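**Q** There's a structure below that I have some questions on.
The values are calculated or read from the model by the stated rules, or taken from the named source; none is laboratory data. The model shown is predicted, which means the values in this text are computed figures rather than measured ones. Backbone-built Cβ (ideal geometry, glycine too); neighbour counts: all protein chains shown. The protein model used for the area step is the full one, side chains on, heavy atoms only, and it has no ligands, DNA or RNA in it. Shrake-Rupley method; radii C 1.70, N 1.55, O 1.52, S 1.80 Å.
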Amino acid sequence: MEYLIHLAILFAIYVPLAVSLNLVVGYTGLLSVTHAAFYGVGAYATTLLVVNFGWGFIPALLVAMILSGLLATLFGLILSRFRDDYYALVSFGFNIIVYSILLNWESLTRGPLGIPGIPRPEIFGLTFDSNLSFLILALALALTVYLVSAGIVKSSLGRVLKGIREDEKVLAIFGYNTEVFKLVIFGLTAMMAGLAGGLFATYITFIDPSTFGLNESIFILAMIILGGMANLRGSVIGALFLILLPEILRFVGFPSDIAAQMRQVVYGALLVLLMLYRPQGLLGEYKL
Amino acid sequence: MTILRTQNIHKNFGGVKAVDGVSIAFEPGKITGLIGPNGSGKSTLINLLTGMTAFDNGLIYIGEHTRLDHIHPYDLPDFGITRTFQDIRLFEQMPVLDNILIVITSRNVLGALFEKHKKYHLDIAEKVLRQVGLWEKRDCLAHDLSYGQRKLLEIARVLALNEDGGEVLHTILFDEPFAGLFPEMIKIVSETLCLLRSQGKTVVLVEHNMDIIRELSDHVIVLDSGQVIAEGTPAHALSQASVIEAYLGK
Ligand SMILES: Nc1ncnc2c1ncn2[C@@H]1O[C@H](COP(=O)(O)OP(=O)(O)OP(=O)(O)O)[C@@H](O)[C@H]1O
Ligand SMILES: [Mg+2]
């Protein structure tokens, strides 16, 4: 039971990551491979504010989200000079830069040693010590992110984002300053990733840079490709599936010590198969 | 009084002088045919006028007070100008209806976030889609329409901006709107051009079919190798020796 709750919490942390990345990649058509950087900034900023400065969870999380958003806005300004493959490559580079900073700025982050002993969230005197209570908190925040994203998608803004994906130059001559729209959505989704980071840090109570590398960005990307581009429910299903995959593998008889590693192989193979036979993903509405 | 004119405007692509010192003025409230052999620079000129391509030097004048040495594409509707594309450019993986709504709903981020579409928007979309016979197709992806329907959807998009923009929109540039259309669709497009003219709009028509040019245009400008080689009434311009030579090859 404890283990099921653990999986459910991981799921609740990955939903905002996957849903927000889908807004960027699936809806707006920006092939960003740097989402884990914002996830990491959220995790480290929340941790440092809580551990070093004794801040409460909520203000720490809010400031962490804002920092993630600001960093994304800066990255977005630079990324606006690039398109398509180059965009992906440069975003790739940003993830590596953030990862290296987390690893090497030892006076702040303790580098590879990581930061242990992060307290569980406390909100208005309520401590989310037990995993069950943390699950409720995490699900509530995941749901909030989902609803905000669904609101964006259903509004005219959602239509504009898709327009950017389909033909940015044509959208521009119909009066849209597309750079502004791209910056806003990039910043906003980075805040959502930052929120997931704050949740992750206070759940595991320990963070180190290895969680926030390129691998992680690709893992989140795999969730949305699997679930389907430009479909939010798809991203939720993609997150659920990739979280459960090691368990499924264990269930079908892989020894548990290699099940986790096999996850990489299987999700790689699944992605290839999917691209061959259903390029829009399980529920997707848009082909890359 | 002109509403849109260029002064000595240039665009080179590498060694190719695609537009080479063009100074023209489009007559307000008239249909101006913009013709010339393949590669003579018609589409490039339209791209320069609409901010799709930056020009090397020269000036563009809009109305009486605006003088520009570059154009931000997103200012175009405010300048009162819009266009269609020779190589149809739609929002492919979006429904037909959304292809229309997107050009009439809010242009700023917050405005867009707190709006879906209003009855006002839907009414415009219905009107212009019915005008080109695509209302029944409103839920199809643009991508799934036939070639001719796709051309008509681009026309409807311009009409929607015209409905919404009201007085602001004054000039519409059509880059080969008739190319490859069946007769019944040609009729819809030519009626649209005449309708716009009757509303006092300035219409620029790029077209290779001289029968259509003779029938529709009030004025003709002929380009060759990026330069204006003749200008005048259709009968006058098309009978010039230089024009005949440009078309038949030297
Ligand atoms: N983006 C570009 N890069 C390089 N060369 C270009 C580009 N666009 C146009 N050209 C060149 O500029 C010249 C003018 O092309 P343009 O498309 O304006 O001609 P056009 O009059 O529209 O021809 P058509 O009747 O075939 O549509 C051609 O030589 C073309 O090859
Ligand atoms: Mg052309």
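**Q** Return the whole-Å distance between the Cα centroid of the range A:77-108 and the Cα centroid of the range B:1-36.
**A** 44 Å
**Q** For a quick check of understanding: with a 1.4 angstrom probe and all protein chains in place, what accessible area in square angstrom does B:Asp56 have, to the nearest ten?
**A** In the full protein context, B:Asp56 sits at about 80 Å².
**Q** Still on this model: Under a 1.4 angstrom probe, counting protein chains only, how are A:Trp105, A:Trp55 ranked by accessible area, largest first?
**A** Descending accessible area places them as A:Trp105, A:Trp55.
**Q** Quote the accessible area belonging to B:His70 in square angstrom, nearest 10, computed with a 1.4 Å probe and with ligands, DNA and RNA left uncounted.
**A** In the full protein context, B:His70 sits at about 100 Å².
**Q** At 222 nm, what value in deg cm²/dmol follows for chain B if DSSP H runs of at least 4 each add -39500 (n - 2.57) and the sum is divided by all its residues, to the nearest 500?
**A** Helix-only estimate at 222 nm: -10500 deg cm²/dmol.
**Q** Please compute the Cα-Cα pair-distance distribution of the range A:2-213 with 5 Å bins starting at 0, giving whole percents from short to long.
**A** Whole-percent P(r) values from 0 Å outward: 1, 8, 15, 19, 19, 15, 11, 7, 4, 2, 0, 0.
**Q** Please report, in debye to the nearest 20, how large the charge dipole of the range B:97-156 is about its Cα centre when each Lys and Arg carries +1 at its beta carbon and each Asp and Glu carries -1 there. Present the calculation step by step, with values, prior to reporting the outcome.
**A** On the way: 10 positive and 8 negative charges, 29 e Å.
Using Cβ point charges on Lys, Arg, Asp and Glu, the range B:97-156 gives about 140 debye.
**Q** How many Å³ per residue does the convex hull of the Cα positions in the range A:69-153 occupy?
**A** Expressed per residue, the convex hull around the Cα atoms of the range A:69-153 is 175 Å³.
**Q** At 1.4 Å probe size, with the rest of the protein present, what percent of the exposed accessible area of chain B is carbon and sulfur atoms?
**A** Using a 1.4 Å probe with all protein chains present, chain B comes out at 52 percent carbon and sulfur.
**Q** Between A:Gly228, A:Gly197, A:Gly253, where does the largest GNM mean-square fluctuation fall for chain A, given springs only between Cα atoms within less than 10 Å?
**A** Of A:Gly228, A:Gly197, A:Gly253, the most mobile in the Gaussian network model is A:Gly253.
**Q** I've got another one for you. So what does B:Arg214 come to for accessible area, using a 1.4 Å probe and Å² rounded to 10?
**A** Rounded to the nearest 10, the figure is 130 Å².
**Q** Of all the C-alpha pairs in the range B:130-250, what % are more than 19 Å from each other?
**A** More than 19 Å apart: 54 percent of the Cα pairs in the range B:130-250.
**Q** Using heavy-atom solvent-accessible surface (probe 1.4 Å) with all chains present, what is the largest-first order of B:Glu231, A:Glu106, B:Glu167?
**A** Ranked list, largest accessible area first: B:Glu167, A:Glu106, B:Glu231.
**Q** Now, a different point. What number results when the radius of gyration of the range B:90-168, computed over Cα atoms, is divided by 2.2 N^0.38 Å? Don't jump to the answer; show the numbers that get you there.
**A** Working: Rg = 12.1 Å, N = 79, 2.2 N^0.38 = 11.6 Å.
Output field value: 1.04.
**Q** Rg and Dmax in Å for chain B, alpha carbons only: what are they?
**A** Calculated on Cα positions, Rg and Dmax stand at 18.2, 60 Å.
**Q** Sorted by accessible area (1.4 Å probe), largest first, how do B:Val189, B:Val228 line up?
**A** B:Val228, B:Val189
**Q** What is the Rg over Rh value, at two decimals, for the range A:33-97, using alpha-carbon atoms and the Kirkwood definition of Rh? Walk me through the intermediate numbers first.
**A** Working: Rg = 13.7 Å, Rh = 12.5 Å.
When Rh is taken as the Kirkwood radius, the ratio is 1.10.
**Q** One-quarter of the Cα convex hull surface for the protein assembly as shown, in nm²?
**A** Over all viewing directions, the protein assembly as shown projects a mean Cα-hull area of 29.4 nm².
**Q** From Cα pairs below 8 angstrom and at least 6 apart in sequence, can you work out the relative contact order of chain A, rounded to a whole percent?
**A** 34 percent
**Q** Roughly speaking, what is the centre-to-centre gap between the range A:178-236 and the range A:5-23 when only Cα atoms are used, to the nearest Å?
**A** 8 Å
**Q** Counting only protein heavy atoms and a 1.4 Å probe, tell me what percentage of chain A's accessible area is made up of carbon and sulfur.
**A** 71 percent
**Q** Can you give me the accessible area per residue for the range A:138-243, using a 1.4 Å probe, in Å²?
**A** Spelled out: the 1.4 Å probe surface of the range A:138-243, per residue, equals 27 Å².
**Q** Another question, then. Quick one: plug the Kirkwood hydrodynamic radius of the range A:139-288 (C-alpha pairs) into Stokes-Einstein at 10 °C, 1.306 mPa s, and report D in µm²/s.
**A** Reported coefficient: 91 µm²/s.
**Q** Using label points projected 7 Å from each Cα along Cα→Cβ, tell me how many nm separate A:Ile123 and B:Tyr147, to one decimal.
**A** According to this spin-label approximation, the distance is 5.9 nm.
**Q** Now for a separate question. Using only helices, what value at 222 nm comes out for chain A when you add -39,500 (n - 2.57) per DSSP H run of length 4 or more and divide by the total residues, to the nearest 500 deg cm²/dmol?
**A** That comes out to -25000 deg cm²/dmol.
**Q** Cα-Cα over 28 Å: which of A:Lys162/B:Lys118; A:Lys182/B:Lys116; A:Lys182/B:Lys137; B:Lys42/B:Lys137?
**A** A:Lys182/B:Lys137; B:Lys42/B:Lys137
**Q** Tell me: how much accessible area in total is hidden between A and B, 1.4 Å probe, Å², nearest 100?
**A** That pair hides around 2600 Å² of surface in total.
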